[in-house]
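Visitor: Dropping a structure here in structure tokens format, bear with me for questions.
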Amino acid sequence: MGIKILGTGSYLPEKVLTNDDLSKIVDTNDEWISQRVGVKERHVSETETAADFAIEASRRALEKSGITAQEIDLIVCATISSETLCPTVAGMVQAAIGASCPAFDVSSACSGFLFALDTAAAFIDRGGVRNALVIGSERLSKLVDWSDRSTCVIFGDGAGAAVIGKGDNYLAHLLYTSGGNEVIEIPSFGGSSPFYKNELKHPYIFMDGQETFKFAVKKIVDDVNAVLEMANLTIDDIAYIVPHQANIRIIDYAAKRLKISTDKIFVNIDKVGNTSAASVPIALSELCNSGKLKKGDKIIMCAFGGGLSSAACIIEW
Ligand code: UT7
């Protein structure tokens, strides 16, 4: 499909929560979290919303791209943790940066950014949209049950964004959903209708960690192999894989099965934690800023999570 990435940006809220800080809230410790998950610290918001993070990440991506807000014809934001259902995070970004274009949110949990990217790519391919701003932004600290040690140690807050334009650099892409609420569920606010008779669920993240783990490893491997086949490439043609940062052990297992050296896999989970839809674009932005990417490098982005969902794509730099 006809797109290329013109610039990326990311934003993390200032407050850093270390594993030692968490051990004062729940019965956990740095050793367990570091070894079982790979997170050492994460950022959590004290006052800012997912929209605030998205605005800052977008400003940074626009600056890197050299594209002005007026040249953006579409804004798509992936999020599951917006403060408001209406306005959307994308709409808040549009107002803040001074763009005048359609803007909407998409929801596909941790795979959300790649769903948003594919949506924006399809708009560009269809014609009429020259440049699009694609964002993943999450304040997951709002969805975490802070008394549940099996989830509160994993997640973090932040946003990543990419400006995309016409090009020939989107070499392969796939989206996958296997609907159901058995493995991961995040109920939304249940309301207070006097007529609704079902029990209301707590609006926190529920996750069967081990089932998610198995799904994640299998989908990274299957999806990466599938996009390689679509693009007629092999794993040796890939400069970097930018995976969803959910658990370092998931990444290591997948790397082994894909027979790719771990230094070709971008990892920032130790500093950022799992930021759901923001995870891949934050990692992408950090990889870009590292100066390691060269023109012509082929990178794979891949993600998995609630839905259950997964997604992968190959981008040529
Ligand atoms: O982004 C969305 C996608 N999400 C994922 O990909 C997450 C995938 N799953 C995982 O990353 C892992 O399954 C978890 C990190 C969630 C959990 O790790 P695990 O190795 O699967 O642990 P477990 O749930 O099997 O628990 C093992 C033990 C249990 O103790 P017992 O019953 O063996 O005595 C837990 O109670 O570890 C205990 N435990 C903890 N101990 C210290 C669970 N959480 C903690 C904790 N600190 N924070």
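Visitor: Which percent, to the nearest 5, of DSSP beta bridges fully inside the chain are antiparallel?
Guide: Values: 36 of 51 bridges.
In the chain, approximately 70 percent of DSSP beta bridges are antiparallel ones.
Visitor: Moving on to the next point. Of F195, F213, F304, which has the most accessible area with a 1.4 Å probe, and how do the rest follow in descending order? Before the final figure, lay out each step's value.
Guide: Values: F195 165, F213 40, F304 5 Å².
The ordering from most to least exposed comes out as F195, F213, F304.
Visitor: Pairs of lysine in segment 227-317 with Cα under 17 Å and at least 8 positions apart or on different chains: total?
Guide: Working: K256/K264; K259/K298; K264/K292; K264/K294; K264/K295; K264/K298.
For segment 227-317, the number of qualifying lysine pairs is 6.
Visitor: What FRET efficiency comes out for E71 versus T18 if R0 is 41 angstrom and r is the Cβ-Cβ distance? Round to the nearest 0.05. Mind dumping the intermediate values first?
Guide: Working: r = 41 Å, r/R0 = 1.00.
About 0.50, to the nearest 0.05.
Visitor: Further, regarding this structure: With point charges of +1 on the Cβ of Lys and Arg and -1 on the Cβ of Asp and Glu, referenced to the Cα centre of segment 271-317, which listed residue (S310, L293, A277) lies farthest in the positive direction of the dipole?
Guide: Projecting each Cα onto the dipole axis, the largest value belongs to L293.
Visitor: Report the calculated FRET efficiency for I235 and V26 (r = Cβ-Cβ distance, R0 = 45 Å), to the nearest 0.05. Don't jump to the answer; show the numbers that get you there.
Guide: On the way: r = 39 Å, r/R0 = 0.87.
That gives a FRET efficiency of 0.70.
Visitor: Further, regarding this structure: Using DSSP to define loop residues, name the trypsin sites (Lys or Arg not before Pro) in segment 39-121 whose beta-carbon has at most 10 other beta-carbon atoms within 10 Å. Walk me through the numbers before you get to the answer.
Guide: Values: sites: K40, R42, R59, R60, K64; in loops: K40.
Taking segment 39-121 and a limit of 10 other Cβ atoms within 10 Å, no loop trypsin sites (Lys or Arg not before Pro) are found.
Visitor: Also, I was wondering about something else. When the chain is fully extended, how far beyond the present Cα-Cα distance does E211 get from K142, taking 0.36 nm per residue of separation? Walk me through the numbers on the way to the answer.
Guide: Numbers: separation 69, 0.36 × 69 = 24.84 nm, distance 2.36 nm.
Extra length available between E211 and K142 comes to 22.5 nm.
Visitor: Continuing with this model, one more query. Could you tell me which of rounded, prolate or oblate describes segment 194-308, using a ≥ b ≥ c as the square roots of the eigenvalues of the alpha-carbon gyration tensor, with rounded for a/c under 1.5 and, failing that, prolate when a/b is larger than b/c and oblate otherwise? The partial results should precede the final answer.
Guide: Values: a/c = 2.36, a/b = 1.87, b/c = 1.26.
Verdict is prolate for segment 194-308.
Visitor: Kindly list the residues of segment 259-292 that lie in the label zone of S34, defined by a backbone N under 19 Å from the point 7 Å along the Cα-to-C-beta vector.
Guide: Counting backbone N atoms under 19 Å from the label point, the list is 267-274.
Visitor: If you don't mind, another one. Quick one: order S65, S107 from most to least accessible surface, probe 1.4 Å.
Guide: Working: S65 25, S107 90 Å².
The ordering from most to least exposed comes out as S107, S65.
Visitor: For segment 1-158, give me the percentage of DSSP beta bridges that are antiparallel, rounded to the nearest 5 percent. Before the final figure, lay out the partial values.
Guide: Numbers: 5 of 14 bridges.
Counting DSSP beta bridges with both partners in segment 1-158, the antiparallel share is about 35 percent.
Visitor: For the chain, which span is the longest to avoid every loop-located (per DSSP) member of GluC sites (Glu not before Pro) having at most 11 other Cβ atoms inside 10 Å? Before the final figure, lay out each step's value.
Guide: Values: sites that count: E14, E46, E182, E199.
The longest uninterrupted stretch comes out as 47-181.
Visitor: Give a quick list of trypsin sites (Lys or Arg not before Pro) in segment 209-317 that DSSP marks as loop, anything other than H, G, I, E or B, with at most 15 other Cβ atoms within 10 Å. Write down the numbers at each step before the final one.
Guide: On the way: sites: K214, K218, K219, R249, K256, R257, K259, K264, K271, K292, K294, K295, K298; in loops: K259, K292, K294, K295.
Of the trypsin sites (Lys or Arg not before Pro), the ones in loops of segment 209-317 whose Cβ has at most 15 other Cβ atoms within 10 Å are K259, K292, K294, K295.
The values are calculated or read from the model by the stated rules, or taken from the named source; none is laboratory data. Computed from a prediction, not measured in an experiment: that's the story for all the values here. With ideal geometry, Cβ positions are generated from the backbone for all residues, glycine too; neighbour counts draw on all protein chains shown. Accessible surface is based on the protein model in full, side chains and every heavy atom, while ligands, DNA and RNA are left aside. Shrake-Rupley method; radii C 1.70, N 1.55, O 1.52, S 1.80 Å.
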